Amino acid sequence: MRYRKKPIIVDAFRMTEERGKSESEWPSWLKEAYARLPTEPGTVWLAPIAFSSTKRFRVCLKNRHVHIVEWGDWIIRKSRSDLYVLTDRDFKDDYTQA
């Protein structure tokens, strides 16, 4: 048997280097995720890359794995504690604006 995934609507925000410098364009759900402690799923924080002065955002996923956000990636929210990250190409393949 074949199944089709039900369409869902998610919140998404493309993190660029410019947008990473200021929270002014961030949606409220991303600001809330950034304000929480980075030890729980659904949080976002800024941290240096190992052996570098470069900083990147990190997202704690639902399974508690941590994903590094590259500039141009999309941070996607299904629910308060369910954030994940997609590259721009994958996002454009999987999503259209609602």
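Values in this text are rule-based calculations from the coordinates and carry no lab data. Source: prediction; values computed, not measured. Because the Cβ atoms are built from the backbone with ideal geometry, glycine has one as well, and the counts that use them run over all protein chains shown.
Taking the stretch 1-38, which residues are touching a strand residue (DSSP E or B) at 6+ places or on another chain (Cβ under 8 Å) and either under 14 Å from Arg80 (Cα atoms) or among the aliphatic types (A, V, I, L, M) (or both)?
Of everything in the stretch 1-38, those that are touching a strand residue (DSSP E or B) at 6+ places or on another chain (Cβ under 8 Å) and either under 14 Å from Arg80 (Cα atoms) or among the aliphatic types (A, V, I, L, M) (or both) turn out to be Ile8, Val10, Asp11, Ala12, Met15, Pro27, Trp29, Leu30, Ala33, Tyr34, Pro38.
May I ask you to verify whether Glu70 is at negative phi, more than 11 Å from the chain's Cα centre (by Cα) and among the acidic types (Asp, Glu)?
no
I need every pair where a residue in the stretch 58-72 that is closer than 13 Å to Leu46 by Cα and touching a residue at least 40 places away in the same chain (Cβ under 8 Å) has its Cβ under 7 Å from the Cβ of a residue that is hydrophobic (A, V, I, L, M, F, W, C) and outside any loop (DSSP other than H, G, I, E, B), sequence separation at least 6 or different chains.
Val69/Phe57; Val69/Val59; Val69/Ile75; Val69/Val85
Taking the conditions exactly as written (on the phi < 0 side of the Ramachandran plot and surrounded by fewer than 13 Cβ atoms within 10 Å (Cβ to Cβ)), does Ser81 satisfy them or not? Walk me through it before giving the result.
Working: on the phi < 0 side of the Ramachandran plot: yes; surrounded by fewer than 13 Cβ atoms within 10 Å (Cβ to Cβ): no.
Criteria not met by Ser81.
Just wondering, is there one or more residues in the stretch 1-12 that are among the basic types (Lys, Arg) and surrounded by 12 or more Cβ atoms within 10 Å (Cβ to Cβ)?
There is no residue in the stretch 1-12 that is among the basic types (Lys, Arg) and surrounded by 12 or more Cβ atoms within 10 Å (Cβ to Cβ).
How many residues does the stretch 1-46 contain that are of a type in the set (Ser, Thr, Tyr), part of a loop (DSSP other than H, G, I, E, B) and within 16 Å of Val59 (Cα to Cα)?
3
If Ser53 meets every condition in (1) out of contact with any Lys or Arg (no Cβ under 9 Å at 6 or more places or on another chain); (2) closer than 22 Å to Ser28 by Cβ; (3) assigned to a loop (DSSP other than H, G, I, E, B) apart from one, which number is that one?
Every condition holds for Ser53 apart from (2).
How many residues does the stretch 42-64 hold that are farther than 19 Å from Thr16 by Cβ, aliphatic (A, V, I, L, M) and surrounded by 10 or more Cβ atoms within 10 Å (Cβ to Cβ)?
Residues in the stretch 42-64 being farther than 19 Å from Thr16 by Cβ, aliphatic (A, V, I, L, M) and surrounded by 10 or more Cβ atoms within 10 Å (Cβ to Cβ): 1 in total.
Pull up the stretch 84-93, narrow it to residues that are under 20 Å from Pro7 (Cβ atoms) and surrounded by 12 or more Cβ atoms within 10 Å (Cβ to Cβ), then point me to the one that is farthest from the chain's Cα centre (by Cα).
That would be Asp90.
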